[in-house]
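The values are calculated or read from the model by the stated rules, or taken from the named source; none is laboratory data. Nothing here was measured: the structure is a model prediction, and the numbers come from that model. No Cβ is skipped: glycine too gets one built from the backbone with ideal geometry, and neighbour counts run over all protein chains shown.
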Amino acid sequence: MRKQVAATLAVITATSLIAPQAQAQPLQEIQWQKCFDTPPPGLPPGGERLECGSFTAPMDWNNPSNGKTITIAVSRLTPKNGTAKSTVFTNPGGPGGEGRTIPLVYLNRPKLSENAEIIGIDVRGTGASSNVTCGGFNAESITDQRDRSKANLDLLYGAMELQAKFCQNKSGELGRYITTDQTVRDLDLLRQILRKPEVSWIGYSGGSWLGAYYATYFPKTLDKIVLDSNVEFTGPWQPIFDDWGMGFERRFRVDFLPWVAKYDNIYHLGKTAEEVRQSYERTRAKLKDQPVTRPEGVYYPQSLDGLLRGVLYRKGQFALGAQVFAELAGTAQPQLTAQASYPDAQNGTAYSIVCNDTPFKGDRRYLERDAAKDGAKWPLGGYLQVMGPCAFWDRPNVNLKHPNGVGVAPTLMVQSVRDPATPLEGAQKAHRNFNNSVLLTVEDEGDHGIYGFGNKCVDDIVESYLVDGVTPAKDLTCPGVPLPAPGETAAPTAQQLAKQLGW
């Protein structure tokens, strides 16, 4: 795959850029080629039509004349009949998620995929684009965040400081230019290369942040805007991750624990939600005394926390999480890719974006107090401080424009009420502060990422807007999809497809 993508280098034709602060530059022509010479196992029907290519962009849009450039890898899925009525840019979130597989998600949405050219993008820093890295260092997994002894806090916050140094040192010069304002200029350059006066946008999670800023920087070039599973994109990054503890704990207690208890005949972890929670606490304590080695790695207390937080994103993953949980608890028997230069490019891109984009307020003493407070309220995720390394970050001089929706096309926001990673409260605040937005709330639902994943009510409303041009006149709601029984499968996400295909 690496060779196929590398072979799609752009050739140069003549015209000029119109991005702010950019000097006249030659425009490129993407040389599209099939992403797969031979369709790999598990490729969705129609996936063989996916094409890959790349283009170059200035490393620093504020100083493009220095001649330093980076590569941005992209993909496209065009209708079978070859006639697209519109072009839709997509982003799976992260921030820093590889996006070239996301068009495959919409093969099961023919109203969209047979009317639009769908573009997938590995944003700067990640995937097959020019990479940044943290050198494989990840402070999250170093030690148990719940252990608040001085010795453990020294390890924990020392690791966060070390992570900041690793990310910035190993990413080199490029790391200072992995920011939202640089990325949205890459997007607008891509629009120009594709010779489209307007494009539409579908962005999930961190892609709601990127979409809101894209619309803010280039309001006249975005037609339809769908922001799904929204971060509070009208404020800084720090409060967004501060809400993780609350969001994950709510999903854990309201949806996951009762679901596991309902299937106690399978998992034997407890007949009530509280009994299952006690099983979690006992298993976590056991792993602290004696970690368990499994084929996928070694499980410590923080590994169990990470497993459970991960499966809370989508109800279709509950069974997987419960099975591993049960095996670690001893109540069930075990059932037991080439992508880019750095395997941790997404992690490096995510830290570069959140630590470069907006200031972090606080030092180690603040982090200690904040974790103790949130952890006491929300044990599953409250001790986790995703942005902790930003307290030790040498932040460049980045001043983002403020997204308020003024002059932006009508924006459809989709949000589940128990989303663990991007809680409802943040989405509601962003909706209030973003002019001309409409909020579609999905009731009795906790999945992170809704459109295109099996909710007919949501799918119909989004496609009526994207394809037919019908903007909802006011906020509205859809019912959620019931939790599945063990063994029922869900539609794969872009990240799962990327892993499955070896990207």
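Only residues that are polar (S, T, N, Q) and over 22 Å from the mean Cα position of the chain (by Cα) were counted across the range 343-397, and they come to 1.
Taking every residue in the range 248-261 that is part of a helix (DSSP H, G or I) and pairing it with any residue that is surrounded by fewer than 22 Cβ atoms within 10 Å (Cβ to Cβ) and among the polar types (S, T, N, Q), at least 6 positions away or on another chain, the pairs with Cβ-Cβ distances below 6 Å are ALA261/THR272.
Selection over the range 61-77 of residues that are surrounded by 17 or more Cβ atoms within 10 Å (Cβ to Cβ) and either aromatic (Phe, Trp, Tyr) or assigned to a loop (DSSP other than H, G, I, E, B) (or both) gives a count of 1.
If you go through the range 100-129 and keep only what is more than 30 Å from SER303 (Cα to Cα) and either under 18 Å from the mean Cα position of the chain (by Cα) or surrounded by 23 or more Cβ atoms within 10 Å (Cβ to Cβ) (or both), you end up with PRO103, LEU104, TYR106, LEU112, SER113, ALA116, ILE118, ILE119, GLY120, ILE121. The criterion of being at negative phi, of a type in the set (A, V, I, L, M) and in the same structural domain as LEU412 (by TED's automatic domain parsing) does not hold for LEU269. Of all residues in the range 357-381, those satisfying the criterion of being touching a Phe, Trp or Tyr at 6+ places or on another chain (Cβ under 8 Å) and either part of a loop (DSSP other than H, G, I, E, B) or buried (at least 18 other Cβ atoms within 10 Å of the Cβ) (or both) are ASP357, THR358, PHE360, LEU367, ALA371, ASP374, GLY375, TRP378, LEU380, GLY381. The set of residues in the range 390-420 that are closer than 30 Å to PHE256 by Cα and crowded, with 21+ Cβ neighbours inside 10 Å comprises LEU412, MET413, VAL414, GLN415, SER416, ARG418, ASP419, PRO420.
The number of residues in the range 436-475 being loosely packed, with under 14 Cβ neighbours inside 10 Å and among the aliphatic types (A, V, I, L, M) comes to 2.
Given the criteria closer than 22 Å to ASN399 by Cβ and out of contact with any Leu (no Cβ under 8 Å at 6 or more places or on another chain), does THR234 qualify? It is true that THR234 is closer than 22 Å to ASN399 by Cβ and out of contact with any Leu (no Cβ under 8 Å at 6 or more places or on another chain). Any chance the range 311-318 includes a residue that's modelled with pLDDT under 95, crowded, with 22+ Cβ neighbours inside 10 Å, part of a helix (DSSP H, G or I) and out of contact with any helix residue (DSSP H, G or I) (no Cβ under 6 Å at 6 or more places or on another chain)? Within the range 311-318 (the criterion being modelled with pLDDT under 95, crowded, with 22+ Cβ neighbours inside 10 Å, part of a helix (DSSP H, G or I) and out of contact with any helix residue (DSSP H, G or I) (no Cβ under 6 Å at 6 or more places or on another chain)), the answer is no, since none of the residues qualifies. For the condition surrounded by 23 or more Cβ atoms within 10 Å (Cβ to Cβ) and out of contact with any Pro (no Cβ under 9 Å at 6 or more places or on another chain), LEU194 does not qualify. Selection over the range 141-158 of residues that are crowded, with 20+ Cβ neighbours inside 10 Å and assigned to a helix (DSSP H, G or I) gives a count of 2. Does the range 76-89 contain at least one residue that is at pLDDT below 85, over 21 Å from PRO492 (Cα atoms) and not aromatic (Phe, Trp, Tyr)? Looking for residues that are at pLDDT below 85, over 21 Å from PRO492 (Cα atoms) and not aromatic (Phe, Trp, Tyr), one finds at least one in the range 76-89, hence yes. Residues in the range 290-308 that are in a helix (DSSP H, G or I) and over 15 Å from LEU320 (Cα atoms): 2 in all. Evaluated against (1) within 30 Å of GLN163 (Cα to Cα); (2) in a helix (DSSP H, G or I), GLU463 falls short on exactly one condition, (1). Looking at ILE240, ILE202 in this structure, which one is assigned to a strand (DSSP E or B) and closer than 30 Å to ALA319 by Cα? It is ILE202. Scanning the range 281-289 turns up at least one residue that is in contact with an Asp or Glu (Cβ under 8 Å, 6 or more places away or on another chain), surrounded by fewer than 19 Cβ atoms within 10 Å (Cβ to Cβ) and part of a helix (DSSP H, G or I).
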